[in-house]
Amino acid sequence: MAKKHQMIMPFSERQIKKGIVSYGLSSYGYDIRVADEFKVFTNANTTIVDPKKFDQRSLVDVKGNFCLIPPNSFVLARTVEYFKIPRNILTICLGKSTYARCGIIVNVTPFEPEWEGYATLEISNTTPLPAKIYANEGIAQIIFLEADEICELSYKDKKGKYQAQKRITLPKL
C-alpha cells in the first residue's frame, strides 16, 4: 500500500540495520529516520516556553551526523522521509526500543488522514547525562491503521496548520 500510494518518500522496501539503528519496512509498520537538522533547547536567553507565543531564541540550530541532547532536555528534529497519508489511514508513532532503553523518548503526534509533509519529531533526553542521537538512522516506528470507512473530514479538508511542512516546524496557534 505504501509503495502503491507513494505514502513514504524515500521508501526502503526492507529493514536496513547493519551497524546502525535500523530503519525501513518492518513487520507491520515503517521505521523512520531522523534527518541531520536539529533545534536544541537552550536557556541562554531565559525565555519561557509558551506554545501560544513561542520564542525562537530558546532554540539553537545544529546540523550534523549526530546531535547531543543536553541532560533532562529535548530537541526538535524532522524525518528524512516525506509522508502522504491516504484519506482512509491514520498513523501512530512510537520511539524505537534502542533509544528508549537509553532514556531517550520520541514523541510524534498521529499523522491524520490526508496529512502530508516531513514530520517534526520531539526527542527527549530523560537522563541526567548528555545523550547522542544519530542522523539518517532509525528513530521511531510508524504504525498504519486502515479505517473501514473514509473519514468525513480529513486534515487536508480542515486546512491543517502543519500541512505540507518542509522543515522542522515550531508550534503554531
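Residue-by-condition table, conditions (1) over 30 Å from Lys4 (Cα atoms); (2) exposed (fewer than 12 other Cβ atoms within 10 Å of the Cβ); (3) in contact (Cβ under 8 Å) with a residue 60 or more places away in the chain:
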{"residue": "Asn43", "(1), (2), (3)": "yes, yes, no"}
{"residue": "Asp50", "(1), (2), (3)": "yes, yes, no"}
{"residue": "Phe66", "(1), (2), (3)": "yes, no, yes"}
{"residue": "Phe74", "(1), (2), (3)": "yes, no, no"}
{"residue": "Cys93", "(1), (2), (3)": "no, no, yes"}
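Every residue, every condition in (1) touching a strand residue (DSSP E or B) at 6+ places or on another chain (Cβ under 7 Å); (2) of a type in the set (S, T, N, Q), yes or no:
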position	(1), (2)
Leu121	yes, no
Leu129	no, no
Gly138	yes, no
Ile143	yes, no
Glu149	no, no
Gly160	no, no
Gln163	yes, yes
Leu170	no, no
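Could you identify the single residue in Ser58, Ser12 that is crowded, with 18+ Cβ neighbours inside 10 Å, among the small types (Gly, Ala, Ser) and farther than 17 Å from Phe111 by Cβ?
Numbers: Ser12 fails: crowded, with 18+ Cβ neighbours inside 10 Å.
Matching residue, one of Ser58, Ser12: Ser58.
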Filter segment 85-119 down to the residues that are under 15 Å from Tyr134 (Cα atoms), more than 13 Å from the chain's Cα centre (by Cα) and among the aliphatic types (A, V, I, L, M) and list them by number. Ala100, Ile104
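Do we find a residue being over 25 Å from Ile150 (Cα atoms) and in contact with an Asp or Glu (Cβ under 7 Å, 6 or more places away or on another chain) anywhere in segment 79-94?
Let us first name the residues in segment 79-94 that are over 25 Å from Ile150 (Cα atoms), namely 79-80.
Now drop any that are not in contact with an Asp or Glu (Cβ under 7 Å, 6 or more places away or on another chain), which leaves none.
No, segment 79-94 has no match at all.
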Looking only at segment 96-111, and only at residues there that are in contact with a Ser or Thr (Cβ under 9 Å, 6 or more places away or on another chain) and surrounded by 18 or more Cβ atoms within 10 Å (Cβ to Cβ), the one that is farthest from Lys3 (Cα to Cα): Ile104
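Is it true that Asp157 is in contact with a Lys or Arg (Cβ under 7 Å, 6 or more places away or on another chain) and of a type outside the set (Val, Ile, Thr)?
Working: in contact with a Lys or Arg (Cβ under 7 Å, 6 or more places away or on another chain): no; of a type outside the set (Val, Ile, Thr): yes.
Spelling it out, it is not the case that Asp157 is in contact with a Lys or Arg (Cβ under 7 Å, 6 or more places away or on another chain) and of a type outside the set (Val, Ile, Thr).
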Condition check: more than 18 Å from the chain's Cα centre (by Cα), among the charged types (D, E, K, R) and either surrounded by 18 or more Cβ atoms within 10 Å (Cβ to Cβ) or more than 20 Å from Asn136 (Cα to Cα) (or both). Does Lys17 satisfy that? no
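None of the figures in this text is laboratory data; all of them are computed from the coordinates on show. From a predicted model like this one, the values you see are computed outputs, not experimental measurements. As a convention, Cβ positions derive from the backbone with ideal geometry for all residues, glycine included, and neighbour counts pool all protein chains shown.
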